[in-house]
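What follows is one structure encoded as structure tokens, with my remarks underneath.
Please treat every number below as a calculation from the coordinates, not as lab data. Every value quoted in this text rests on a predicted model; they were computed, and no experiment measured them. Cβ atoms come from the backbone with ideal geometry, glycine included; neighbour counts cover every protein chain shown.
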Number of protein chains: 2
Amino acid sequence: MQDSYIDLHEAILKRRDTRHFTAEKVPEATLLKALEAAIQAPSVGLSQPWRFIDISSWDRQKLTDNFQEQRFRAEAQISDPNQLATHKQLKLSGIIEAPILLAVYCEYPEIETYTIGTIGNPRALEWSCACAIQNLWLSLTSEGFGAGWVSILDLAKLARQMAVSDRWEPLGIICIGRPATNYGGRPMLEVAQWRNAKKNIENFYWRHSTEQ
Amino acid sequence: MQDSYIDLHEAILKRRDTRHFTAEKVPEATLLKALEAAIQAPSVGLSQPWRFIDISSWDRQKLTDNFQEQRFRAEAQISDPNQLATHKQLKLSGIIEAPILLAVYCEYPEIETYTIGTIGNPRALEWSCACAIQNLWLSLTSEGFGAGWVSILDLAKLARQMAVSDRWEPLGIICIGRPATNYGGRPMLEVAQWRNAKKNIENFYWRHSTEQ
């Protein structure tokens, strides 16, 4: 564990979805600190359903093939030629170059196991895993490293290749390394003129005073 | 915006799933700062699908009725009498007493709208919302406040009562206020002897060196 110190809100603002990495190795202590942060996340019914598997040593080309196939499938859905042209130029993953790749899964409990809080929606388990990923991401940011969450994948195929239990739901691959850029402190998709992020909470927050 | 300063990892460790609140009001600046943190979360394809609706002024009894119904439904699934007895004694929400209640939704885009990163699993949108909730939660923790995520609800019924779009998927209610206790710095469900959290990353992290 290192002794770096960063303000929470500064880390939240600095976190970027990184797709450009340098070749610099990630110190094991940094990765372990981030994983320690991840497992402090809230989890529905204290289920701790997150599973992280380091697949850094895999043949990256096979992962990239999976990614590219799904990217082409996605691009077939774009009817606007200008949007398609922009999309084709986007760098959407750092799978090839990121020093560390973590596959992330949500383990659903055995059917007979009772878990508090899943009666409203069992996907609350996946939401817990996302909270853990966010902790991991913030921790890496605080240490000067970065991450990118790649979900343009045939996730079922990835799970088959990894031969995990069918109770393990794949959430994607987290690419981890030293960012080659911070995109000017803005979301990369904004810099690439794909889409502008809305900045004001008025777009996302309302008061609902009248009960129906 | 306030000028409090807290180390990221300290906030991550201090965050608790709070179900016991004092009557102290939450300053508006604190809530707004937490919402600003929330909307800095990563979102798949820069979709920013999170929607927060303040329902603090609602008739709490109706919300509690929804919660209690689902709690009883859940308890009917518990066959072990000791487990059931423990479960019945758990405080599982602060819906009645929390000064602020936020309903959280994930807005799915119109079917013809293309969103980057959702081809692997469209639920990536919900995962983005969970990251936003985690940011909100950490921000509140850093200001000495707390939150609890209540998912023991008939979520569809809640959405109907709020008359939201059917593209809005409910994720639950976040109860916000000043914690009456920090549960000794441990998960409340652990203190209540419901379940012990696993502390070591060895339970959640593996290296997978052999590609299948």
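Quick notes on this one:
- Helical runs assigned H by DSSP (4 residues or longer) give the protein assembly as shown a calculated mean residue ellipticity at 222 nm of -10500 deg cm²/dmol, each run adding -39500 (n - 2.57) before division by the residue total.
- Nearest-first distances (nm) between copies at B:Ser165, label 7 Å from Cα via Cβ: 3.8
- Based on the convex hull around the alpha carbon atoms, the protein assembly as shown presents an average projected area of 19.5 nm².
- Nearby aspartates and glutamates by direct alpha-carbon distance to A:Lys62 (threshold 17 angstrom, same-chain neighbours under 8 apart not counted): A:Asp54, A:Glu97, A:Asp154, B:Glu211
- Over all directions, the projected convex hull of the C-alpha atoms in segment B:1-121 averages 11.6 nm² in area.
- With the gyration tensor restricted to C-alpha atoms of chain B, the semi-axes of the equivalent ellipsoid amount to 26, 23, 22 Å, longest first.
- Three semi-axes describe the equivalent ellipsoid of segment A:54-146; taken as square roots of 5 times the Cα gyration tensor eigenvalues and ordered largest first, they are 30, 21, 15 Å.
- Once C-alpha pairs closer than 8 Å and six or more residues apart are averaged by separation and normalised to the residue number of segment A:7-110, the relative contact order reads 49 percent.
- Inter-copy spacing of B:Glu112 label points, which lie 7 Å from Cα along Cα→Cβ, given in nm from shortest upward: 5.1
- Annotation for segment A:11-110: GluC sites (Glu not before Pro) lying in DSSP loop with at most 16 further Cβ atoms inside 10 Å of their Cβ are A:Glu24, A:Glu97, A:Glu110.
- Shown here for segment B:1-80: chymotrypsin sites (Phe, Trp or Tyr not before Pro) in loop regions (DSSP other than H, G, I, E, B) with at most 15 other Cβ atoms within 10 Å, namely B:Tyr5.
- Violating pairs (Cα-Cα greater than 25 angstrom) within the set A:Lys157/B:Lys157; A:Lys88/B:Lys33; A:Lys33/B:Lys88; A:Lys25/A:Lys91: A:Lys157/B:Lys157; A:Lys88/B:Lys33; A:Lys33/B:Lys88
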